[in-house]
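The structure appears below as structure tokens.
Read-outs throughout are calculated quantities, based only on the coordinates presented, and are distinct from any laboratory measurement. Just so it is clear, the model here is predicted, and its values are computed rather than measured. Don't worry about glycine lacking a Cβ; one is built from the backbone with ideal geometry, like all the others, and counts go over all protein chains shown.
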Amino acid sequence: MRTCVGCRQRAAASELLRFVAIAIDSDPPGSPDTGGSRAVRVVPDPTRRAPGRGAHLHPVPACLALAEKRRAFGRALRVAGLCDVTALSEAIHGGKARLTGS
């Protein structure tokens, strides 16, 4: 059982889409230190094999919107800074979010 970061309902892992955070190297060399906060890209992990901390979400736009409103991505993934959820949003809205890996 896993908890959806959007609606906070518990469901089987097979019913939820796993996602992970990948660091974005957007700071040019020589730029001032950002104080430990980094921008990350939140990407779907349909194979459930990507390294790092993962979290789960129902693959429906309503849960994605709730998670964004609650700012749940940073908390669930334990990252400080901005979370770019564009890739996750495209996968959910485009219907490309597979629930199980091959």
Practice task
Kindly write out, for region 2-17 in residue order, the coupling ³J(HN,Hα) from the Karplus curve 6.51 cos²θ - 1.76 cosθ + 1.60 (θ = phi - 60°), rounded to whole Hz, with x marking Gly and Pro.
Solution key: 10, 10, 6, 6, x, 8, 6, 8, 7, 8, 5, 4, 5, 8, 10, 9
Handout entry: Positive minus negative residues near ALA13 (Lys, Arg vs Asp, Glu; Cβ under 10 Å)
Key = +2
Completion exercise
Listed by chain and number, the residues whose amide H is under 5 Å from that of HIS58, excluding neighbours fewer than 5 places away on the same chain and using placed H, are VAL5, GLY6, CYS7, LEU17
